[in-house]
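See below for the structure under consideration.
Computed from the coordinates by the stated procedures, all read-outs in this text should not be read as laboratory data. Values in this document were obtained by computation on a predicted structure and should not be read as measured data. Glycine gets a Cβ as well: all are built from the backbone with ideal geometry, and neighbour counts include every protein chain shown.
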C-alpha cells in the first residue's frame, strides 16, 4: 500500500545454532512475552518458560542459495516461530531469513540484522539489494542478515483479497465523498478480518521483536546489532525495550516518534509538509528565470494553488498519468526536494497551459489517477520490488494489520471525529492535512493481542535524520532521541528526502565508526547536506 511508509521490505538467513538459553536469556524472553509495564517473572516462571521456546531457539537453519541471480554467498532459510507467544505450543508461522557472512572470520563481530521499514516492508533482499549501503569495514565484521517480518513477503504472507482501489489510501476529505471513504475503511477492515481472522491479533511489532530474538538465538548470538529504517526504527526501539540485554549496536535511520506511532504518525507528515512547502516556494522564487513560477514566494504559492484548482476542473495527462488537483497534492513528499519539486511543478504548469480540456481527456481516457506515487511517504521505508510470488495486496494488508493491531486504541471509533479533524487540518495544513486526518481502516479494526510498548529506556543507539524528511519528520527523530536515553543523534542540516544511509558521507562515517568500534559521537552531531544550486 505504500502508506508513506506503510510500504516496503526484504529477507535473510544466518548460521550457528544456539544451545543457549541461559537463565538470563530465559528471564529476558519471558519478560518480553508480557506488556512492557509488567513485573519481571520469578525464577520458577522462567524455568517453566524454557521448554516451550526451546523448539524454536534451537532450530537448525537449512541454508540454501536464495536465487540464481545473486551471489551464491547470499543464503536463505525459513524458521518457525509461535503465532502467539502466549501459547508457544500452538499454531506456528514462518519467518524467512537471509544472510551474507562477514568477509573476515578474524574480524567478525556478529550479525547485523536489517529492516527496511513499513510496516509491511519485506527485508529479505536487503543484504544484496543495494538499498542499504555498507562499507567494506562493516561487511568484514558482520553477517548481514535480512528477514521478512511475520505476515510479509515470504514469511507466511497475509492477504485480505483487496482490490486495487481498496489498496489506495490517498483519500482527500470532501463532503460529497466522505461516506464512500468511511465505507472503504470499513470494507478493508472487514475483508481482512474475514480472510485472516484471529491471526491479525498477533501481527504486531512486539511479536516481530520476539521473532527477531528467536533469529538471534538460532544464529547462536548473545546479542544482535541492528540497522532499521523508517518504521524499522520503531521496531528496533521496541526490541531494545523488550530485550535490553540482547541489544548491541543499533543504528536507527529516519526515526519515528514512538509516542505518535499510529494516527499521529500520519498527522505529523501533514504538519511537516507545510514548512517544506514554504521552503520550496522561497527557493523557487529566487530562481524565477529558470522555473518561471513566480518572482516572490507568494507568487510561487499562488501559481501552485491556481494550478491545483485548474487541474481539479480539467485533469491533465502527464507522463501517462491522469492528474487531478488532489493527486498533485498527494505528492506532498516531493516538496521536501526543492529542485525536483520546482522542475515537476513547472512541467505540470506547461502541460496544463498547453492542452485543451477535450484533448487532455481524450489522451487520458482509460487511465486512472495516480493515487500518490510518492515512494517516500508514513512511516516510510526503503522500497524494493520483489520478484517472489506473494499476494498482490500483501504489502498493504500487512501494513494495516501491524499498524492497526499495534495502535487500535489511538484511533477514534466515530467517523464524525475524522470528518471534523480532516476539515480542521485541511485549514491548518492545506497541502495534505485532510489526507492525513481522514478516516483509515484502523477505525474499524479489532484490538491486537496486547498493549503497545512504551519506548523509554537507556539505549546506546545512533539516530540518523534528514532535516527535510517528509515521511518521518525531524521532530520525530528528536523525540526518539529523547526517549532512548544514552543515544546520540546525527542531523543532516539541509538533508532532503527519506532515509539518510548512502546520501551523506559525514552521517555515513558516524554510522561506520559506531558499528565497527562501538564509539558513539561524543555529543550530538550536525552534518551538512550539499547546497542546492
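Figures for the structure shown
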{"read-out": "Normalised contact order of segment 59-191, rounded percent, pairs of Cα under 8 Å and 6 or more residues apart", "value": "20"}
{"read-out": "Segment 83-135: relative contact order in percent, alpha carbon pairs under 8 Å with at least 6 residues between", "value": "25"}
{"read-out": "Column: log10 I(q)/I(0), Debye, Cα scatterers of segment 184-231, q = 0.13, 0.17, 0.30 Å⁻¹", "value": "-0.50, -0.69, -1.07"}
{"read-out": "Simple spin-label estimate for residue 528 and residue 133 in nanometres, 7 Å along Cα-Cβ", "value": "2.0"}
{"read-out": "Added length on full extension, which subtracts the Cα-Cα distance from 0.36 nm per residue, residue 493 to residue 92", "value": "139.8 nm"}
{"read-out": "Mean Cβ neighbour count within 10 Å, used as a protection proxy, ranking 151-158, 96-103, 272-279 highest first", "value": "151-158, 96-103, 272-279"}
{"read-out": "Gain on full stretching of the segment that runs from residue 513 to residue 186 - 0.36 nm per residue minus C-alpha separation", "value": "112.9 nm"}
{"read-out": "Relative contact order [Cα under 8 Å, 6+ residues apart], segment 415-521, whole percent", "value": "21"}
{"read-out": "Estimated inter-spin distance, residue 287 and residue 409, nm [label 7 Å along Cα→Cβ]", "value": "4.8"}
{"read-out": "Burial order of peptide ranges 177-189, 287-299, 427-439 (average beta-carbon count within 10 Å, highest first)", "value": "427-439, 177-189, 287-299"}
{"read-out": "Simple label model, 7 Å out from Cα along Cβ direction - residue 62 to residue 177, nm", "value": "4.9"}
